[in-house]
Amino acid sequence: MEYLLQQSMNALSLGGEYALLALGLAIVFSVMGLVNFAHGDMITFGGYAMFLVAAGMGIANPALLLPVGVLSVVLFAMFLEKVAFKPVRGAPPTTGMLTAFGVSILIQNVALIFVGTRAKSVPTMDFLISNVTIGSVRIPVVQILETAVTVIAIALLVVFLRRTTIGMAMRAAARDVSTVRLMGVRADRVIATAFAISGFLAGLATVFVLARRGAVDPFMGFTPVLKAFVAAVIGGFGSLPGAVIGGLVLGVAEVMMQVVLPESMAGFRDAFIFTAVGVLLLVRPQGILGERPDFGEKS
Amino acid sequence: MFKAENVSVSYGPIRAVRDVSLTVGEGEIVTLLGPNGAGKSSLISAIIGLVPKTGGRIAFRDEDVTVLGTEALVCRGMTVTPEGRRVFAELTVAENLRLGAATRGDPDGIAEDTEKFLEMFPILRRRFHSAAKYLSGGEQQMLAISRSLMSRPRFLMLDEPSLGLAPRIVDQIFEFLIQLRTWGVTMLVVEQNAGEVLEFADRAYVLASGAMQFSGTAEDLRQSGGVMEMYLGLEGH
């Protein structure tokens, strides 16, 4: 029972992290058709921002450090949109994808050259890696926080998308950008908002990724975002509820594999999971909630 | 109040619209007719800035608006009800109307206008909180026009509002347009079928193969059997 509870918490928090990242990918994809391969490097950026503030300026107070992490990723996402993605907006989708790859390589190399290949520890996260004991169950604080933050972030996002004009415009733009412009809503604003939200969600994830690893390195964003891609594909790429469901499914699947697989086969965890994803996509190529592309008529 | 001069639109080497000029006076209903593929939608899209113009000038209310983008034009009081209605399928009727008023900051006025269209089209009230994709074609067209009007445009361009609708519904839509004129909205109605729209339009243009073939009063067009037959497949009266 305790074991089950611990593992469920494990699955929820991991799934939550994937969901946050997959949502960020899906929001940007839905409004501008861009597959943002630099999403992981936004996490890296946030990690270094926190490292620089902690080590460089000696600020160790988490109440200051955590907002720095989140905010830096939001600003960085908006900055990337302005300088890298806006100029190629009218171009074919492959151009956007290659631009994202370019941005990713650039960020990784800037980190390599100016900070170095060695992982730098961010020492201030102790309270996150402590445990709480509920009855006889010990649960890491980071898992509780991560699950709670994911739930709150998703709830806020739902309210934002349903209640605000710009949120409605974002949902509408996922299908039909030109008609949204006919409403007098600036496409620029919709896209900038999408990046800001994507950055905000990635910023939250940054804090948790960092809490687990305790250190930053130039490639720290790669694995989480690779998993987020898989999550988004499972859920149906571009679908926001799909991204959340895909994230949770992937998190649960990974933890289940860890529990079920004998130790000698633990290294094959991802192989089993990717095989399952492959089978899923054979049955439902559009993912769980994705829609089949329709090649309809003019109207 | 609206004037397009020598507007051209090209898609790569294909010139879809060639040096087309068109004026619409305050309070007028003008119709732009022409067969499928004549360039009508391209012209409208170019006017409202959704596709680039390769030449020509646009003026609206004594202001040169040639270089303005779609959003700026909508803020100045021009808008288009697009071909095929293009309601936001996943959004509710309420949200569609709300987005139509995206340029406005007066919640009371928005609520008042919403009420006005719900009064006008009671079906929209019954479907107020369901997704627009569940509406019939005619209902979607009513929603699309109401959504355009939520921005309180002075000049409304409607791209084939009768397309794919049953005759009874078309009558209802056209009656609404006639009523709209009394609200002080100037209109350019794009149609493939000349028949009914000529009964209430003041003036008419005929576009074919990307070039303007006729311009005159609706009465003139009805009388000129040749133009009607050649471009619109109708017998003149």
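Tell me whether segment A:188-209 contains one or more residues that are open to solvent by less than 10 Å² (accessible area, probe 1.4 Å), without any contact (Cβ under 8 Å) to a residue 60 or more places away in the chain and assigned to a helix (DSSP H, G or I).
Checking segment A:188-209: not a single residue is open to solvent by less than 10 Å² (accessible area, probe 1.4 Å), without any contact (Cβ under 8 Å) to a residue 60 or more places away in the chain and assigned to a helix (DSSP H, G or I).
Look at B:Thr103 and say whether it is closer than 18 Å to A:Arg186 by Cβ, within 10 Å of chain A (Cβ to nearest Cβ) and in contact with a Cys (Cβ under 9 Å, 6 or more places away or on another chain).
Details: closer than 18 Å to A:Arg186 by Cβ: yes; within 10 Å of chain A (Cβ to nearest Cβ): yes; in contact with a Cys (Cβ under 9 Å, 6 or more places away or on another chain): yes.
Answer is yes for this residue.
I need the helices (runs of 4 or more DSSP H) fully contained in segment A:34-127, keeping only those with at least 3 residues that are open to solvent by less than 20 Å² (accessible area, probe 1.4 Å) and under 30 Å from A:Pro140 (Cα atoms).
Helices (runs of 4 or more DSSP H) meeting the threshold: A:39-51, A:62-80.
What number of residues within segment A:163-182 satisfy the criterion of being within 7 Å of another protein chain (Cβ to nearest Cβ) and either open to solvent by 10 Å² or more (accessible area, probe 1.4 Å) or closer than 12 Å to B:Glu95 by Cα (or both)?
9
With away from chain A (no Cβ under 14 Å), open to solvent by 10 Å² or more (accessible area, probe 1.4 Å) and in a loop (DSSP other than H, G, I, E, B) as the only criterion, which of B:Glu83, B:Glu26 stands out? It would help to see each step written out before you state the result.
On the way: B:Glu83 fails: away from chain A (no Cβ under 14 Å).
Result: B:Glu26 is the single residue among B:Glu83, B:Glu26 that is away from chain A (no Cβ under 14 Å), open to solvent by 10 Å² or more (accessible area, probe 1.4 Å) and in a loop (DSSP other than H, G, I, E, B).
Which of the residues belonging to segment B:67-80 are outside any helix (DSSP H, G or I) and crowded, with 17+ Cβ neighbours inside 10 Å?
Those that are outside any helix (DSSP H, G or I) and crowded, with 17+ Cβ neighbours inside 10 Å: B:Leu68, B:Arg76, B:Gly77, B:Met78, B:Thr79, B:Val80.
Can you give me the number of residues within segment A:35-94 that are of a type in the set (Ser, Thr, Tyr) and either farther than 23 Å from A:Asp217 by Cβ or over 21 Å from the mean Cα position of the chain (by Cα) (or both)? If you could, list the steps in order and put the result at the bottom.
As a first pass, look at segment A:35-94 and keep what is of a type in the set (Ser, Thr, Tyr): A:44, A:48, A:72, A:94.
Still in the running and either farther than 23 Å from A:Asp217 by Cβ or over 21 Å from the mean Cα position of the chain (by Cα) (or both): A:94.
Number of matching residues: 1.
Name the pairs whose Cβ atoms lie under 7 Å apart, with the first residue in segment A:218-235 and within 14 Å of A:Gly40 (Cα to Cα), the second in a loop (DSSP other than H, G, I, E, B), and 6 or more positions between them or separate chains?
Qualifying pairs under 7 Å: A:Pro218/A:Thr117.
Being open to solvent by less than 10 Å² (accessible area, probe 1.4 Å), touching a helix residue (DSSP H, G or I) at 6+ places or on another chain (Cβ under 9 Å) and touching a residue at least 40 places away in the same chain (Cβ under 8 Å) narrows it down to one residue among B:Gly56, B:Gly34; which is it? Spell out how you get there, then give the answer.
Working: B:Gly56 fails: open to solvent by less than 10 Å² (accessible area, probe 1.4 Å).
Going through B:Gly56, B:Gly34 in turn, just one is open to solvent by less than 10 Å² (accessible area, probe 1.4 Å), touching a helix residue (DSSP H, G or I) at 6+ places or on another chain (Cβ under 9 Å) and touching a residue at least 40 places away in the same chain (Cβ under 8 Å): B:Gly34.
Taking the stated definitions as given, is B:Ala89 within 14 Å of chain A (Cβ to nearest Cβ), open to solvent by 20 Å² or more (accessible area, probe 1.4 Å) and aliphatic (A, V, I, L, M)? Lay out the reasoning, then the answer.
On the way: within 14 Å of chain A (Cβ to nearest Cβ): yes; open to solvent by 20 Å² or more (accessible area, probe 1.4 Å): yes; aliphatic (A, V, I, L, M): yes.
The answer is yes for B:Ala89.
Tally time: how many residues in segment B:59-76 are touching a residue at least 60 places away in the same chain (Cβ under 8 Å) and more than 10 Å from every other protein chain (Cβ to nearest Cβ)?
2
For segment B:137-151, indicate whether the set of residues that are crowded, with 23+ Cβ neighbours inside 10 Å and more than 13 Å from chain A (Cβ to nearest Cβ) is non-empty.
Yes - at least one qualifying residue is present in segment B:137-151.
Considering segment A:177-187 alone, what residues qualify as being touching a Lys or Arg at 6+ places or on another chain (Cβ under 6 Å) and either part of a loop (DSSP other than H, G, I, E, B) or at pLDDT below 95 (or both)?
First, the residues of segment A:177-187 that are touching a Lys or Arg at 6+ places or on another chain (Cβ under 6 Å): A:179, A:187.
Passing the criteria: only A:Ala187.
The values are calculated or read from the model by the stated rules, or taken from the named source; none is laboratory data. None of the values given here were measured: they were computed from a predicted structure. So basically every Cβ, Gly included, is an ideal-geometry build from the backbone, and we count neighbours across all protein chains shown. Keep in mind that these areas ignore ligands, DNA and RNA; they rest on the heavy atoms of the full protein, side chains included. Shrake-Rupley method; radii C 1.70, N 1.55, O 1.52, S 1.80 Å.
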